[in-house]
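The values are calculated or read from the model by the stated rules, or taken from the named source; none is laboratory data. All values reported here derive from a predicted model rather than from experimental measurement. Note that each Cβ is placed from the backbone with ideal geometry, even for glycine, and that neighbours are counted across all protein chains shown. We work out accessible area using only protein heavy atoms, side chains counted, and drop any ligands, DNA or RNA first. Shrake-Rupley method; radii C 1.70, N 1.55, O 1.52, S 1.80 Å.
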Amino acid sequence: MNYTGVRGVDAKVEANADAKVEADADAEAKAKVDVVVIGAGQAGLAAAFHLRRAGYAPDRDFVVLDHSPRPGGAWQFRWPTLTYATVHGMHALPGMELTDADPRRPSSEVIGAYFDRYEQTFGLRVHRPVSVTAVRESGGAPWTEPGGDVEGRRLLVETSEGDYAARALINATGTWDRPFWPRFPGQETFAGRQLHSSSYNGPESFRGMRVVVVGGGTSAVQQLMEIAPVAAATTWVTRRPPVFREGPFGAEQGRAAVALVEERVRQGLPPRSVVSVTGLPMTEAIRQARETGVLERLPLFEHVTPTGVRWHDGRTVEADVILYATGFRAALDHLAPLHLREPGGGIRMDGTRTLRDPRVHLVGYGPSASTIGANRAGRAAVGDLRRLLATPPRPRALPRPRPRRAHAEAEVAGSLVS
C-alpha cells in the first residue's frame with residue numbers, strides 16, 4: 001500500500017501548483033492572434049478575404065494555416081483528366097473573378113493557379129505546409145473581464161510550425177482528408193485491386209479490366225463514364241436509386257436543398273452532402289451514357305468475394321477492380337479536445353458558429369459545403385467574430401486585381417505542375 005504522508009501530499013500540491021503556473025505562462029508565451037483560419041480552400045480563403053477587408057492584418061491579427069503542399073485546396077488533388085470544362089460548378093472567390101481559364105486544362109491546374117493568384121493579390125500569407133494536430137483550451141488567463149465564461153479564454157492551436165493562442169477559430173478543413181470506405185463482408189479476401197475515388201488518377205489504369213464502381217455521386221458518375229470506354233466491363237452499384245435533375249436549378253431550388261442539410265445540422269446529426277439532396281444534373285454526356293447502358297444501376301451488393309461481388313439473391317459479378325466513389329466525411333479530428341459533437345455524431349450550429357463554443361466557426365461544413373456556400377459562410381463567420389471579439393480593427397481597402405491577358409491563367413497553372 002502506498003502512503004505519502006502529510007509532507008508528501010503538500011509536495012504534490014506544490015508540484016501541481018507549479019505545473020499550472022508553468023502551463024499558464026507557456027500558454028501566454030505562444031504566438032497570440034485574434035483568429036486562426038485552418039484550411040486554405042474556397043471557404044478558408046473567403047474567410048481570410050473578409051478578415052482582411054474588416055481590417056485584420058495577416059500574421060498580426062490572424063493567420064491562415066494550410067497543410068496542402070501548394071495553393072488549390074482539394075482541387076489540386078483532382079484527377080488529371082477532370083478538365084475545367086467538366087467540373088461540377090465553380091463559384092468565384094470574393095473580390096476576384098476567375099477569367100480566361102482554358103476549359104481544356106485540368107481543373108487542378110486552373111483552380112490551383114487561380115487560388116495562388118488570389119492569395120498573392122490580397123496578401124493572405126498562407127502558411128504551408130502546416131499540419132494542425134489539436135485545438136484545445138489554452139489554460140491561460142482570460143482576455144476579457146468576465147473571466148470564467150468560454151468567450152474569455154484563448155484556444156491553443158497546436159501545429160507543426162509551433163502553437164498559436166487564438167481568441168477565435170475559423171475551421172475550413174473540408175473533407176478531402178477523410179475518404180469514406182464502406183465495409184462489406186469478405187472485403188479482405190478480394191484478390192483484385194480496391195481503391196477510393198480520391199486515389200483515382202484517370203482511366204488508363206483500368207484498361208481491359210472488369211470494374212465495379214460503388215457510389216451515386218458526381219465523382220462516381222464522372223469516373224465511371226471515363227472508365228467505361230477502356231474497360232472490359234463496368235458495373236455501377238448504388239445504395240439508393242440515383243436521381244437525375246432535369247431543367248434549370250435556380251435560387252429557390254438551391255435554398256430548399258441547403259435547408260434540408262441545415263435541418264440535419266440543427267438536430268446535431270452528421271450533415272449529408274448538398275448533392276445528395278439536389279440530385280445529379282442531367283448533361284448531354286450523362287444522357288448518352290444512360291442510353292448506352294453505362295449508367296445502368298444495380299442495388300448495393302451484400303458480399304465481396306475473392307473474384308468479385310455477390311448479391312443476397314445469389315447473383316455475382318466478376319471483377320478485377322472495385323472503385324469506391326463513396327464520398328468523404330468532415331475532417332474535424334483535431335477539434336476533438338473541444339468536445340463539440342452531439343450524441344448524434346454531428347455538431348450543432350447556429351449559422352457558422354458551433355453552439356457548444358461560440359469562439360469556433362465551421363465554414364465549408366454541412367450547408368456551406370459548396371463553392372458559393374463557402375463564400376457566404378466566410379463572410380458570415382467574420383461578421384459574427386467581429387461582434388464576439390468586440391475590438392474590430394478599422395476596415396481597410398483591399399488591393400484590386402490587375403487585368404489579365406488571355407490565357408495567362410493557363411500559363412501560371414503550367415508553372416505549378418511538378
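Structure notes:
- Each residue in region 74-96 was checked for being in contact with an Asp or Glu (Cβ under 8 Å, 6 or more places away or on another chain) and either of a type in the set (Phe, Trp, Tyr) or closer than 27 Å to residue 166 by Cβ (or both), and 1 pass.
- When residue 55 is tested against the conditions (1) at positive phi; (2) buried (at least 18 other Cβ atoms within 10 Å of the Cβ), the lone failure is (2).
- Restricted to region 183-265, the set of strands (runs of 3 or more DSSP E) holding at least 3 residues that are of a type in the set (Asp, Glu) and either modelled with pLDDT under 95 or within 28 Å of the chain's Cα centre (by Cα) (or both) is empty.
- Hey, residue 71 part of a loop (DSSP other than H, G, I, E, B), open to solvent by 10 Å² or more (accessible area, probe 1.4 Å) and closer than 24 Å to residue 166 by Cβ or not: yes
- Among the residues of region 360-379, those identified as small (Gly, Ala, Ser) and in a helix (DSSP H, G or I) are 366, 368, 373, 374, 377, 378.
- Residues of region 148-172 classified as modelled with pLDDT under 95 and either under 28 Å from residue 401 (Cβ atoms) or hydroxyl-bearing (Ser, Thr, Tyr) (or both), total: 0
- When residue 145 is tested against (1) open to solvent by 60 Å² or more (accessible area, probe 1.4 Å); (2) closer than 16 Å to residue 335 by Cα; (3) modelled with pLDDT under 95, exactly one condition is not met: (2).
- Number of the exception - residue 296 against (1) surrounded by fewer than 17 Cβ atoms within 10 Å (Cβ to Cβ); (2) under 18 Å from residue 180 (Cα atoms): (2)
- Subset of region 365-411 that is modelled with pLDDT under 65 and of a type in the set (D, E, K, R) - its residue that is nearest to residue 178 (Cα to Cα): 409
- Checked against the criterion of being open to solvent by less than 10 Å² (accessible area, probe 1.4 Å), touching a residue at least 24 places away in the same chain (Cβ under 8 Å), under 29 Å from residue 199 (Cβ atoms) and not in a helix (DSSP H, G or I), the candidates 45, 124, 93 yield just one match: 93.
- Condition check for residue 99 on (1) open to solvent by 50 Å² or more (accessible area, probe 1.4 Å); (2) at pLDDT 90 or above; (3) among the β-branched types (Val, Ile, Thr): one failure, at (2).
- Filtered by the rule that a residue be open to solvent by 20 Å² or more (accessible area, probe 1.4 Å) and part of a loop (DSSP other than H, G, I, E, B), region 150-182 gives 153, 154, 161, 173, 174, 175, 176, 177, 178, 180, 181.
- Residues in region 302-325 that are outside any strand (DSSP E or B) and more than 15 Å from residue 239 (Cβ to Cβ) were compared, and the one that is least open to solvent (accessible area, probe 1.4 Å) is 319.
Results for (1) modelled with pLDDT of 95 or more; (2) part of a loop (DSSP other than H, G, I, E, B); (3) touching a Gly at 6+ places or on another chain (Cβ under 7 Å); (4) of a type in the set (Phe, Trp, Tyr), shown as yes or no for each residue.
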site	(1), (2), (3), (4)
335	yes, no, no, no
341	no, yes, no, no
346	no, yes, yes, no
358	no, no, no, no
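- Residue check for residue 284: in contact (Cβ under 8 Å) with a residue 40 or more places away in the chain, open to solvent by 50 Å² or more (accessible area, probe 1.4 Å) and out of contact with any strand residue (DSSP E or B) (no Cβ under 7 Å at 6 or more places or on another chain): no
- Filter result for residue 19 (of a type outside the set (S, T, N, Q) and at pLDDT below 90): yes
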